[in-house]
Structures are given as structure tokens and as C-alpha cells.
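Here, each number is a calculation from the coordinates, and none is a lab measurement. Computed from a prediction, not measured in an experiment: that's the story for all the values here. All Cβ positions, glycine included, derive from the backbone under ideal geometry; neighbour counts span all protein chains shown.
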Ligand SMILES: [Zn+2]
Ligand SMILES: [Zn+2]
């Protein structure tokens, strides 16, 4: 099964669409990525029974023209469900991410050109508007790109429910389950 981690731009066939469907059960780096998303907190639990998943759908195509030289389009989707902890009560919970991407990697030699220097996006004949990235040393590191995109999209403040009451600052009681004496005091002084 096709599992490209880095594209060697010069060697990659021109105009030839390459489609990859990857997931954490059948492919090594998506599995390691999912492990990293969940962090070390879950390492003692049964990984086989977990309901988490990471599915990657990635299409690669190389184009070449006089403006952008050899450039690589990456389009696709990241779909994941992963375990994390509620930031208020520290209960185990699941989070979901679903991210579409449409980007173009152009040579880093163009990075200093006025046309592209401060651009975040680019208009291309092949695909319309895309996010702009640069590649150097002839390499587009797909694995690194996906990694970055995932970690940009992870929820930094997951809540197991919007109404989560969290823990008592004094005794650590889970206030979703029980109201401790400290919370009753503050309640009564109001
Ligand atoms: Zn909570
Ligand atoms: Zn308390």
C-alpha cells in the first residue's frame, strides 16, 4: 500500500495524481502520530480496544511552469478522534478533528521574491487559491506538514462538557459528582 512520507520533487512524476489513504491501523506513521496526539497519559491502557482513529486522505500532484517552477500540490483531509483529558475536571474524554487542506509547495528560492515573500496564499491555474508553503533541498516533507497541521488544530482547552464544574481548588473534589464544603461556604457568603 502506498505510503509516501516525503516527496523528492525532482524525481516525482509530472502531472501524475497520487492518492494515498492512510490510517493508524495499517500504517506506521499515522499510528505514531495518533499516539503522539494522545500523549503519554494513555500508554498503560489497552491500545487495541481504543475507539480512537486517525484517517488521512492525501492527494499529491506535481506541476511545473515558468512562474512557480516545479511545485507540489497537496490536498486532502485529516479526520481523527483521540483521547484527551478535560482541562477542568481531568476526566478522560474524546476530541474530534476534521481538517481539509489545499496547499502548494513552491521552491524556497522564490521565498525572497517580492511576489511571494509575505504571502500566505497563492492563486494557481491548476487549483485556484491555495495555502502557500516553501520546500527546500528538493524535498516536500508530507509527514512534517501533516504533523504541524494536526497540532495546530488540536483543541488546547478540551471540556468533557460545556457545563463541566471542574475540581475544587482547595480539596480537589470533582464538583460534577459532589459539592464539597468549600463550595458550600462560597455559595453562602455570596
Ligand atoms: Zn470536565
Ligand atoms: Zn473542596
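Here are a few things to note about the model shown:
- Pairs are defined by a Cβ separation below 8 Å, a sequence spacing of at least 6 or placement on different chains, a first member in region 144-172 that is under 30 Å from residue 133 (Cα atoms), and a second member that is assigned to a loop (DSSP other than H, G, I, E, B); the pairs so defined are 157/87; 158/86; 158/87.
- Filtered residues of region 142-168 (kept if touching a helix residue (DSSP H, G or I) at 6+ places or on another chain (Cβ under 9 Å) and away from ligand 1 (no atom under 15 Å from the Cβ)): 143, 146, 147, 150, 151, 154
- Output for region 1-27, where each listed residue is closer than 16 Å to residue 70 by Cα and surrounded by 16 or more Cβ atoms within 10 Å (Cβ to Cβ): 7, 9, 12
- Residue within region 108-121 that is within 16 Å of ligand 2 (Cβ to nearest atom) and either assigned to a strand (DSSP E or B) or surrounded by 13 or more Cβ atoms within 10 Å (Cβ to Cβ) (or both) present: no
- Residue that is nearest to the chain's Cα centre (by Cα) [pool: residues in region 123-140 that are touching a residue at least 40 places away in the same chain (Cβ under 8 Å) and either surrounded by fewer than 16 Cβ atoms within 10 Å (Cβ to Cβ) or over 26 Å from residue 27 (Cα atoms) (or both)]: 130
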